[in-house]
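Novice: Quick one: the structure is below, and I'll ask about it shortly.
The values are calculated or read from the model by the stated rules, or taken from the named source; none is laboratory data. Just so we're clear, the structure is a prediction, and the values are computed from it rather than from any experiment. No Cβ is skipped: glycine too gets one built from the backbone with ideal geometry, and neighbour counts run over all protein chains shown.
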Amino acid sequence: MGLPLLDTSRRWVHVAVFPKSASLDEIRAYYAKLRETLERPGPPIWFLVDLSDIDVLETSALQRKTAAEEYEKVAPLFERRVAGEAFVIANPLVRGVYVAFWWLSNREKGVERETFATEAKARAWVEVRAGRSLEGVPTFDEVRRSG
């Protein structure tokens with residue numbers, strides 16, 4: 001178990017790293033921090049999100065339900081503040097399921113989302129879409145080390 005890490009050191013791009021598994025309290029704490037971040041005034045935010053370590057077999061239905069309920073609470077803030085999200089999911093099967101979920105749920109119409117097998121590809125996509133360099137933005141490993 002572990003708390004998902006969220007680096008907000010850059011106002012326009014944030015880096016999130018999710019652990020293999022998280023307790024219900026850790027899931028709620030992450031979404032509380034995310035809410036605080038999204039409520040702050042500032043430019044549209046891009047997210048780099050590492051979901052590669054999540055063990056879908058170890059995640060319970062209650063954990064998924066809790067994460068979904070917590071996300072629903074911040075969804076309106078996403079629509080207002082988030083420009084896009086680049087997800088890194090190394091496992092192709094999990095990546096496909098994730099893409100299908102977002103496509104079927106048809107959420108946040110103004111938020112761009114893409115999934116990638118590597119961090120390098122995700123970072124390149126954000127740079128192109130945002131029209132800004134990610135130089136100085138922490139990598140997933142740097143976020144893990146600082147967390």
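Novice: Considering every residue within segment 2-22, establish whether at least one is in a helix (DSSP H, G or I) and among the aliphatic types (A, V, I, L, M).
Specialist: no
Novice: Could you tell me which numbered condition ILE54 fails, if it satisfies all but one of (1) touching a residue at least 40 places away in the same chain (Cβ under 8 Å); (2) more than 13 Å from the chain's Cα centre (by Cα); (3) not in a helix (DSSP H, G or I)?
Specialist: That leaves (2) as the condition not met.
Novice: Do we have LEU48 as out of contact with any helix residue (DSSP H, G or I) (no Cβ under 7 Å at 6 or more places or on another chain) and either at pLDDT 95 or above or not in a helix (DSSP H, G or I) (or both) here?
Specialist: Numbers: out of contact with any helix residue (DSSP H, G or I) (no Cβ under 7 Å at 6 or more places or on another chain): no; either at pLDDT 95 or above or not in a helix (DSSP H, G or I) (or both): yes.
Criteria not met by LEU48.
Novice: Could you check segment 117-140 and list, in sequence order, the residues that are basic (Lys, Arg), part of a helix (DSSP H, G or I) and surrounded by fewer than 17 Cβ atoms within 10 Å (Cβ to Cβ)?
Specialist: Within segment 117-140, LYS121, ARG129 meet the criteria.
Novice: Identify the single condition in (1) buried (at least 19 other Cβ atoms within 10 Å of the Cβ); (2) aliphatic (A, V, I, L, M); (3) not in a loop (DSSP other than H, G, I, E, B) that LEU62 does not satisfy, given that it satisfies every other one.
Specialist: Single failed check for LEU62: (1).
Novice: Further, regarding this structure: Based on what the data block shows, is TYR30 aromatic (Phe, Trp, Tyr) and over 25 Å from LEU134 (Cα atoms)?
Specialist: no
Novice: While we're on this one: Would you point out the residue of segment 98-116, among those that are exposed (fewer than 14 other Cβ atoms within 10 Å of the Cβ) and assigned to a helix (DSSP H, G or I), that is modelled with the lowest pLDDT?
Specialist: Looking at the filtered set, the residue picked out is SER105.
Listed here are the residues, each with its yes/no results for (1) surrounded by 17 or more Cβ atoms within 10 Å (Cβ to Cβ); (2) acidic (Asp, Glu); (3) within 15 Å of ASP141 (Cα to Cα).
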{"site": "VAL13", "(1), (2), (3)": "yes, no, no"}
{"site": "ALA32", "(1), (2), (3)": "no, no, no"}
{"site": "GLU39", "(1), (2), (3)": "no, yes, no"}
{"site": "PRO43", "(1), (2), (3)": "no, no, no"}
{"site": "ASP55", "(1), (2), (3)": "no, yes, no"}
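Novice: Return yes when ALA130 is touching a strand residue (DSSP E or B) at 6+ places or on another chain (Cβ under 6 Å) and over 19 Å from GLY2 (Cα atoms) and no when it is not.
Specialist: yes
Novice: On to the next question. Looking at the structure I just gave you, is TYR71 in contact with a helix residue (DSSP H, G or I) (Cβ under 8 Å, 6 or more places away or on another chain), of a type in the set (Ser, Thr, Tyr) and either surrounded by 15 or more Cβ atoms within 10 Å (Cβ to Cβ) or assigned to a helix (DSSP H, G or I) (or both)? Walk me through how you get there before you give the answer.
Specialist: Working: in contact with a helix residue (DSSP H, G or I) (Cβ under 8 Å, 6 or more places away or on another chain): yes; of a type in the set (Ser, Thr, Tyr): yes; either surrounded by 15 or more Cβ atoms within 10 Å (Cβ to Cβ) or assigned to a helix (DSSP H, G or I) (or both): yes.
Against the criterion (in contact with a helix residue (DSSP H, G or I) (Cβ under 8 Å, 6 or more places away or on another chain), of a type in the set (Ser, Thr, Tyr) and either surrounded by 15 or more Cβ atoms within 10 Å (Cβ to Cβ) or assigned to a helix (DSSP H, G or I) (or both)), TYR71 qualifies.
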